[in-house]
1. Please enumerate the residues belonging to the range 89-141 that are surrounded by fewer than 16 Cβ atoms within 10 Å (Cβ to Cβ) and either touching a His at 6+ places or on another chain (Cβ under 6 Å) or among the aromatic types (Phe, Trp, Tyr) (or both).
2. Show the residue pairs meeting these rules: Cβ distance below 6 Å; 6+ apart or different chains; first residue within the range 296-323 and at pLDDT 95 or above; second residue of a type in the set (Gly, Ala, Ser) and not in a helix (DSSP H, G or I).
3. In the set Gly177, Gly150, Gly161, which member is at pLDDT below 95 and at positive phi?
4. Specify the residue that is farthest from Ala312 (Cα to Cα); the eligible residues are those in the range 128-149 that are small (Gly, Ala, Ser) and out of contact with any strand residue (DSSP E or B) (no Cβ under 8 Å at 6 or more places or on another chain).
5. Looking at the structure I just gave you, is Ala190 touching a residue at least 12 places away in the same chain (Cβ under 8 Å) and under 30 Å from Gln266 (Cα atoms)?
6. State all residues of the range 59-88 that are surrounded by 24 or more Cβ atoms within 10 Å (Cβ to Cβ), over 16 Å from Ala19 (Cβ atoms) and either among the β-branched types (Val, Ile, Thr) or in contact with a His (Cβ under 9 Å, 6 or more places away or on another chain) (or both); if no residue qualifies, say none.
7. Residue under question is Glu252, and the condition is that it be out of contact with any Phe, Trp or Tyr (no Cβ under 9 Å at 6 or more places or on another chain), modelled with pLDDT of 95 or more and among the charged types (D, E, K, R); does it hold?
8. Taking the stated definitions as given, is Ala33 modelled with pLDDT of 95 or more, surrounded by 15 or more Cβ atoms within 10 Å (Cβ to Cβ) and under 20 Å from the mean Cα position of the chain (by Cα)?
Amino acid sequence: MSTTPQHKIGSGFGATSTADDVLRGIDLTGRLAIVTGGYSGLGLETTRALTKAGTRVVVPARRPGAAREALAGIEGAEVDELDLGDLDSVRAFAERFLASGRTVDLLIGNAGIMACPETRVGPGWEAQFATNHLGHFALVNRLWPAIEPGGARVVSVSSRGHHISGVRWDDVHWKRGYDKWAAYGQAKTANVLFAVHLDRLARDAGVRAFALHPGGILTPLQRHLAKEEMVERGWIDESGEPLNPEGFKTPEQGAATQVWAATSPQLEGLGGVYLEDCDITEPTREGDEGRSGVKSWATDPDQAARLWELSAELTGVDAFAGR
């Protein structure tokens, strides 16, 4: 099967489209989705929109109590426990889910951390790479027996932050000179490379994978940033109000691209590409740093294969070993 070109398809949606807009007329009754972090920010809006369209949504959460509180009253959502920074927790969640005998139609890797102080998890892994990438890598591979039968879509929520850094192959865990933003950039690049290689491995089984930038949104993702830093970056003023409200999406708009990726008939037969504003996006051009588009280092198939091999070695999980 040929690869999908990294070019716009003219979806008819855009930056201001909401999750409800892209689901209009789509009936997802009987489908099951797993949405990591589906109880806060974009994840909460994603869960709301999918359940309204008839999907049963499983929300694995590091803080199950907070998740149940946030999802109270949303019919069709259920909560389980999962800490993506703890591979034993990932294994336990996957085992519980597989024991239920259900299949997965949509999996959205939405949970993540951003620009946190230097933090180590597991065997000394850098927390952003471990949580944003390795945890989701292990989760998808462990859930593969439930993902494969339904011809699922797997959606990896990346960010324009991937423009900051490719994978730092000689020091992925930042043992030398931690930089919180470059580490975030590497983790977001890894999210794209994961989708590229998963799509390559899984498409013959009818499973397709996508990565995306949801847009700039002020959500709890900014919890590790001091107010002064957000003021300095021009995001908010001294009183905490957004300086350029038009430059930020609402959570409903921010959830749209991941919902579109997971459900749109326009993406039938496509995969392995990076999306933004509810469309496949273009590769970045020279001088486009920090703006729209996707960096070549995030879609390079050789780097994607290399990252897959490294991730399988680190996590001890690979559903495709020997295939």
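The values are calculated or read from the model by the stated rules, or taken from the named source; none is laboratory data. Everything quoted here is computed from the prediction, not taken from an experiment. Every residue, glycine as well, gets a Cβ built from its backbone with ideal geometry; the counts of neighbours run over all protein chains shown.
1. Once the filter is applied, which keeps residues that are surrounded by fewer than 16 Cβ atoms within 10 Å (Cβ to Cβ) and either touching a His at 6+ places or on another chain (Cβ under 6 Å) or among the aromatic types (Phe, Trp, Tyr) (or both), the range 89-141 yields nothing.
2. Note: pairs meeting the criteria are Trp297/Gly166.
3. Only one candidate passes the filter, namely Gly177.
4. So, considering only residues that are small (Gly, Ala, Ser) and out of contact with any strand residue (DSSP E or B) (no Cβ under 8 Å at 6 or more places or on another chain), the one farthest from Ala312 (Cα to Cα) is Ala146.
5. For Ala190, the condition - touching a residue at least 12 places away in the same chain (Cβ under 8 Å) and under 30 Å from Gln266 (Cα atoms) - is met.
6. Hit for the range 59-88 is Leu84, nothing else.
7. Against the criterion (out of contact with any Phe, Trp or Tyr (no Cβ under 9 Å at 6 or more places or on another chain), modelled with pLDDT of 95 or more and among the charged types (D, E, K, R)), Glu252 does not qualify.
8. Yes, satisfied.
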